[in-house]
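> Encoded as structure tokens, here's the structure I'll be asking about.
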Amino acid sequence: MNTKLLGSSLIISGTALGAGMLAIPMVLAQFGLLLGTLLMIFICFGTTYAALLLLEATVKSGGGLGLNSVARKTLGKGGQLLTNALLYALLICLLMAYILGAADLVTQLVGSLGLQLTNTQSQIAFTLLAGLVIAGGTGIIDKLNRGLFFIMIASLTATLLFLLPDFSSENISRIINDDYIDLIKTSAVLFTSFGFMVVIPSLVTYNHEATDKQLRNMVIIGSLIPLACYLCWLFAVVGNLNPAQLANLKGVGDLIAAFEHSSSWIGTLLSVFTGLALLTSFFGVAMSLFNQNRDMFDQNKVVTYAITFVLPLMGSLFAADKFLAVLGYAGIILVFLAVFIPLAMVYKLRLANTEQERYTAEGGTPMLIFSLVFGSFLLASQVI
């Protein structure tokens, strides 16, 4: 795999590695390492296969900068309108959430330098500056994301090394909550934590010279990196915190505070990781929305820049205290957009025997049925 494809895999990974990195231990640790690991692997497998279905639909339809073109070529006008409505709702919700989260970090950062910014000023400054990177194109995002991603992984590795001396093998087998219904309810959080599908059309266009096999490997590697990070982090949390500490985890601050007794560096490293995870996720989601707008409105970069960031910024300014609520709405939309829409696209393409020489996701009809069941399972987990 060349550096361009590797960078694209890291964009996929960076888009997925957002708030889920710190949310996953808080929702899964109580169920023990075995059950948490099995459910996470299942969710990763389902989301990766759904992403491969979207890859198949993208390459067979001739691709495009965004889902707009792929949906029009595969599902017709009605499917295009539905896909666009879901995509815009999802991406704007996610960008609002990321702007809200990033504004808090920017305010803290400039405060440590002796400067004072209000949350509103931080939101505007972050959106304008980060938006310039997005307007620079996928190539710039790719190169910047590579550096940020490796710093992020280095901070995670350092955190794990700091935690290693206090690791207890006895904690691994402990289960605080054995209610399987409660475990299933966490599926929505896990699914959102692997939500990278929206970047695939942009990356297929960016890697237009790549073979179908290389594109498939790009998607699989990009999805396995977050899985490895999540599992290592879950292993560290379960192994270092006793049942009483796990039961008291109510937020990210509680998680960081629980670890700071081991080393004062833990809080700093986790803050670095959180900030970079938020930034790489923002890049992936904003790139998807920017390219979707270029594909749909066919305007120059200045107009596309304004169209892309005005609504998310306005939404974040009016929803300053709705970070978690916004993410909750995004999770429900993501099930339809990331599972059912690619499934419908591929079903129509295979029914029409279109471009059979191009990439076809493995598994045939049984895996299409699995994808349908998987999407239904995710919806059920959110309405239990």
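Throughout, read-outs are computed from the coordinates displayed, never taken from laboratory work. All figures in this text were calculated on a predicted structure; none of them were measured in a lab. Note: ideal-geometry Cβ built from the backbone for every residue, glycine included; neighbour counts use all protein chains shown.
> What angle do you read, to the nearest 10 degrees and between 0 and 90, between the alpha-carbon axis of helix 364-383 and the longest principal axis of the chain?
50 degrees
> With point charges of +1 on the Cβ of Lys and Arg and -1 on the Cβ of Asp and Glu, referenced to the Cα centre of the chain, which listed residue (Val204, Asn242, Thr15) lies farthest in the positive direction of the dipole?
Working it through, the farthest residue towards the positive pole turns out to be Val204.
> While we're looking at this one, here's another question. Grab the Cα-Cα distance for Asp104 and Val302, subtract it from 0.36 nm times how many residues apart they are, and report the gain in nm with one decimal.
In short, 68.6 nm is gained.
> Report the FRET efficiency, 1/(1 + (r/R0)^6), for Leu144 and Leu34, where r is their Cβ-Cβ distance and R0 is 41 Å, rounded to 0.05. Please report the intermediate quantities before stating the final value.
Details: r = 38 Å, r/R0 = 0.93.
Once the sixth-power term is evaluated, E becomes 0.60.
> Let me ask something else about it. Under 20 Å between alpha carbons: how many lysine pairs meet that in the chain, if sequence neighbours fewer than 8 apart on the same chain are excluded?
Total qualifying Lys-Lys pairs in the chain comes to 11.
> With a 10 Å radius around each residue's Cβ, average the other Cβ atoms per peptide and rank 310-318, 192-200, highest first.
Values: 310-318: 17.2, 192-200: 26.7.
Highest mean packing first, the order is 192-200, 310-318.
> Kindly give the semi-axes, whole Å and largest first, of the ellipsoid equivalent to the range 6-148, taking each as the square root of 5 times a Cα gyration tensor eigenvalue. Working shown, then result.
Working: eigenvalues 184, 121, 47 Å².
Equivalent ellipsoid semi-axes, largest first: 30, 25, 15 Å.
> Ok, one more. Would you mind working out the magnitude of the charge dipole of the range 3-383 relative to its Cα centre, with +1 at each Lys and Arg C-beta and -1 at each Asp and Glu C-beta, to the nearest 20 Debye?
Numbers: 18 positive and 18 negative charges, 194 e Å.
Dipole magnitude for the range 3-383 comes out near 940 debye.
> Please determine, in degrees from 0 to 90 and to the nearest 10, the orientation of helix 138-163 with respect to the longest principal axis defined by the Cα atoms of the chain, where the helix direction is its Cα long axis.
Around 30 degrees separate the two axes.
> With label points built 7 Å along Cα→Cβ from the Cα atoms of Arg358 and Ala125, find their separation and express it in nm.
4.5 nm
> Another question, if that's okay. Treating only the Cβ of Lys, Arg, Asp and Glu as charged (+1, +1, -1, -1), what charge dipole size does the range 1-154 show about its Cα centre? Round to the nearest 20 debye.
Details: 7 positive and 3 negative charges, 98 e Å.
In debye, rounded to 20, the range 1-154 gives about 460.
> For all pairs of alpha-carbon atoms in the range 3-383, what percent lies in each bin of width 10 Å, listed from the first bin to the last filled one?
Per 10 Å bin, starting at zero, the Cα-Cα P(r) for the range 3-383 comes out as 5, 24, 34, 25, 10, 2, 0 percent.
> Most mobile of Ser61, Ser13, Ser223 per a Gaussian network model of the chain (Cα springs, under 10 Å)?
It is Ser61.
> To test your reading of the geometry: what angle, between 0 and 90 degrees and rounded to tens, separates the Cα axis of helix 265-297 from the longest principal axis of the chain?
10 degrees
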